[in-house]
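As structure tokens, the structure follows; a few thoughts come after it.
Readers should treat all values here as calculations from the given coordinates under stated rules, not as data from a laboratory. All values derive from a computational prediction rather than experimental measurement. Methodologically, a virtual Cβ is constructed for each residue, glycine included, from the backbone with ideal geometry; neighbour enumeration extends over all protein chains shown.
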């Protein structure tokens with residue numbers, strides 16, 4: 001098919017897919033949402049790594065030019081234990097860390113993510129490699145993914161929960177915050193209300209696009225002729241609603257339920 | 001091993017295990033927490049049914065007298081499409097519905113559960129079979145499982161979320177509410193604050209114990225000599241903390257990480 005493969009535990013990676021499609025409208029994308037096993041962020045890195053291997057093997061059957069791991073927990077698992085693969089695997093952690101170091105004026109950087117991402121310290125290591133004197137403060141925000149999946153966007157209760165998670169790290173005079181989970185850009189407006197507009201928010205798409213540009217493998221035509229094929233491991237009408245909500249005006253060509261166990265585990 | 005098998009997507013079913021152990025201290029229990037694939041309640045009934053089949057097949061290798069499905073979403077999936085099994089399979093939906101009908105004075109019954117449980121209408125059908133004139137009002141509460149897993153018990157934010165979910169059904173002059181998810185009894189104190197003490201709260205353990213008593217298969221000795229073996233499909237130190245928190249004074253003998261895919265899917 002000659003496409004870019006993208007995967008996430010669920011709908012969060014659609015924020016990355018949208019950004020990629022906006023940059024390369026003529027490119028083909030195959031997006032796999034592992035909705036039967038979501039969320040990843042509360043699980044161990046070993047289990048997440050097994051899921052990544054299965055997802056990537058499945059995606060490779062579509063004839064890919066590259067795989068984008070559009071999930072921070074999965075990126076973290078793969079950074080800890082790299083996977084051999086016939087095409088480049090791009091993660092969202094390295095470009096997110098690089099962008100934060102570029103943007104931050106005082107190198108006081110906050111990282112918000114799932115438990116798996118925060119406990120792994122993947123962002124801390126990536127930032128300190130680029131900026132050894134940076135001060136990095138992390139906070140896990142386990143309820144944000146369920147809040148996004150529930151659709152409570154820009155909601156007073158969501159704002160309270162954001163305040164509780166973020167309040168603790170704001171004390172450290174942070175000037176830049178990494179949204180270290182692909183679900184979190186959906187909550188951007190609410191997060192700005194809590195942290196104020198003087199704190200820069202970094203999501204991973206921007207740095208990821210630069211990484212992909214360097215590979216020079218994407219179709220650079222400016223007309224919108226590429227296809228988007230969505231795959232999911234579990235399907236319900238509500239999930240399709242959430243897909244449409246998060247993709248908004250970005251249209252997809254097909255949505256198909258697949259069984260990873262049947263074809264790739266046996 | 002001659003034991004009772006119990007399973008849930010995660011830690012919620014421990015509320016059922018505790019109640020069973022308190023009733024039958026001399027009995028052996030094997031509890032499987034499918035933590036690698038939790039939660040079940042947001043997934044489709046077909047996917048949940050596949051997970052149940054794998055869990056039960058695994059548990060049967062321990063030499064069981066019965067299997068208790070200590071998860072409402074899983075019970076719902078099995079009620080919709082019964083499983084052939086060499087030992088009795090007990091679910092939590094039928095006894096919960098029966099207890100609610102027994103307790104309710106005006107047969108105005110509320111059901112709180114996950115999306116999978118609520119959309120299946122399993123409780124509605126079970127209640128109307130016993131009490132055709134009952135008025136049943138349901139509300140899905142998708143954020144409660146993540147809140148319990150996060151440990152925000154008796155917390156102002158949790159109370160706000162409980163109020164939002166429950167407020168809508170309270171208008172219907174409900175006198176009895178079924179806590180239709182095995183995680184929910186953990187939130188009982190907060191739920192009472194919102195619904196008031198005049199509304200009866202039914203959790204499934206009570207009716208389930210009656211069902212198991214009828215089978216006359218459990219060890220009725222009153223001394224505490226039975227073993228509790230815990231199995232989980234994903235493990236992290238934090239999960240073990242939550243296991244201990246929810247089991248409280250109920251002690252277990254072992255906690256083991258297992259791989260359902262390796263042994264039962266291939």
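Quickly estimate the mean residue ellipticity at 222 nm for chain B, helices only: each DSSP H run with n ≥ 4 gives -39500 (n - 2.57), and the total goes over all residues, rounded to 500.
Numbers: 12 runs with 118 residues, N = 266.
Roughly -13000 deg cm²/dmol at 222 nm, from the helical runs in chain B.
Identify the residue of chain B whose Cβ lies closest to the rotation axis that maps chain B onto chain A, and give that distance in whole Å.
Rotation axis B onto A, closest Cβ, rounded to whole Å: B:146, 2.
Could you give, in nm with one decimal, how far residue A:225 is from each other copy of that position, shortest first, with labels 7 Å out from Cα toward Cβ?
Here the equivalent label points are 8.0 nm apart from this one.
What is the mean number of Cβ atoms from other protein chains located within 10 Å of the Cβ atom of each residue in peptide B:160-169, rounded to a whole number?
Working: counts 4, 7, 0, 1, 4, 0, 0, 0, 0, 0.
Mean shielding count: 2.
List A:49, B:172, A:183 from most exposed to least, where exposure is judged by having the fewest other Cβ atoms within 10 Å.
Values: A:49 16, B:172 12, A:183 28.
With the fewest neighbours first, A:49, B:172, A:183 line up as B:172, A:49, A:183.
Just the Cα atoms of the range A:157-256: what Rg and Dmax do they give in Å?
17.5, 48
Would you please give the FRET efficiency between residue A:221 and residue A:241, computed as 1/(1 + (r/R0)^6) with r the Cβ-Cβ distance and R0 = 35 Å, to the nearest 0.05?
On the way: r = 32 Å, r/R0 = 0.91.
Once the sixth-power term is evaluated, E becomes 0.65.
Please report the Cα spread of the range A:1-62 along all three principal axes, rounded to whole Å, starting with the longest.
Its Cα atoms span 37, 24, 17 Å along the three principal axes.
Would you kindly work out, in nm and rounded to one decimal, the distances from the label point of residue A:153 to those of the same position in each other copy, ordered shortest first, with label points 7 Å along Cα-to-Cβ?
The projected label point of residue A:153 is separated from its counterparts by 3.5 nm.
Considering every pair of different Cα atoms, what Kirkwood radius, in Å, is found for the range A:1-114?
Values: mean 1/r = 0.0680 Å⁻¹.
Averaging 1/r across every pair of different Cα atoms and inverting gives 14.7 Å.
How many nm is it between the label spots at residue B:133 and residue B:249, if each spot is 7 Å from the Cα in line with the beta carbon?
Distance between label points: 4.4 nm.
Please compute the alpha carbon radius of gyration of the protein assembly as shown, then divide it by the globular-protein estimate 2.2 N^0.38 Å. Two decimals is fine. Walk me through the numbers on the way to the answer.
On the way: Rg = 23.9 Å, N = 532, 2.2 N^0.38 = 23.9 Å.
The reported ratio for this selection is 1.00.
Once you average over the residues of B:146-159, how many Cβ atoms of partner chains fall within 10 Å of each Cβ? Can you show the working numbers first?
Working: counts 10, 4, 0, 4, 8, 1, 4, 0, 0, 1, 2, 6, 0, 0.
Other-chain Cβ atoms within 10 Å of each residue's Cβ, averaged: 3.
What's the Kirkwood radius of the range B:108-152 in Å, using all Cα pairs? Write out the running numbers ahead of the final one.
Numbers: mean 1/r = 0.0876 Å⁻¹.
Computed over the range B:108-152, the radius equals 11.4 Å.
Let me check against my output: what whole-number percent is the relative contact order of chain B, with C-alpha pairs under 8 Å and at least 6 apart? Don't skip to the answer; put the middle values down first.
On the way: 506 pairs, mean separation 73.6, N = 266.
Dividing the mean separation by the residue count of chain B yields 28 percent.
Starting from a label point 7 Å past Cα on the Cβ side, list the distances from residue A:251 to the same position in the other copies, nm, shortest first.
Label-point separations across copies, in nm and ascending: 6.6.
How big is the Cα convex hull of chain B in projection, averaged over all directions, in nm²? Could the numbers behind the result be given before it?
Working: hull surface 53.7 nm².
Averaged projected area of chain B's Cα convex hull equals 13.4 nm².
Using a 10 Å cut-off around each Cβ of peptide B:48-55, what is the average number of partner chain Cβ atoms that fall inside?
Values: counts 2, 0, 4, 2, 0, 0, 1, 0.
The per-residue average across the peptide is 1.
Quick check on packing: order B:251-257, A:89-95 by the mean number of other C-beta atoms within 10 Å, highest mean leading. Walk me through the numbers on the way to the answer.
Numbers: B:251-257: 12.9, A:89-95: 23.0.
With the highest mean Cβ count within 10 Å placed first, the list reads A:89-95, B:251-257.
Which of rounded, prolate or oblate describes the range A:206-266 when judged by the alpha-carbon gyration tensor and an a/c cut-off of 1.5? Don't jump to the answer; show the numbers that get you there.
Numbers: a/c = 2.26, a/b = 1.45, b/c = 1.56.
Oblate is the answer for the range A:206-266, as a/c is 1.5 or above yet b/c matches or exceeds a/b.
Expressed as a whole percent, how much of the Cα-Cα distance distribution for the range B:94-204 exceeds 23 Å? List each step's numbers first, then the result.
On the way: 1207 of 6105 pairs.
Percentage above 23 Å: 20.
Can you give me the C-alpha center-to-center distance between the range B:103-129 and the range A:174-216, rounded to a whole angstrom?
Measuring centre to centre over Cα atoms gives 43 Å.
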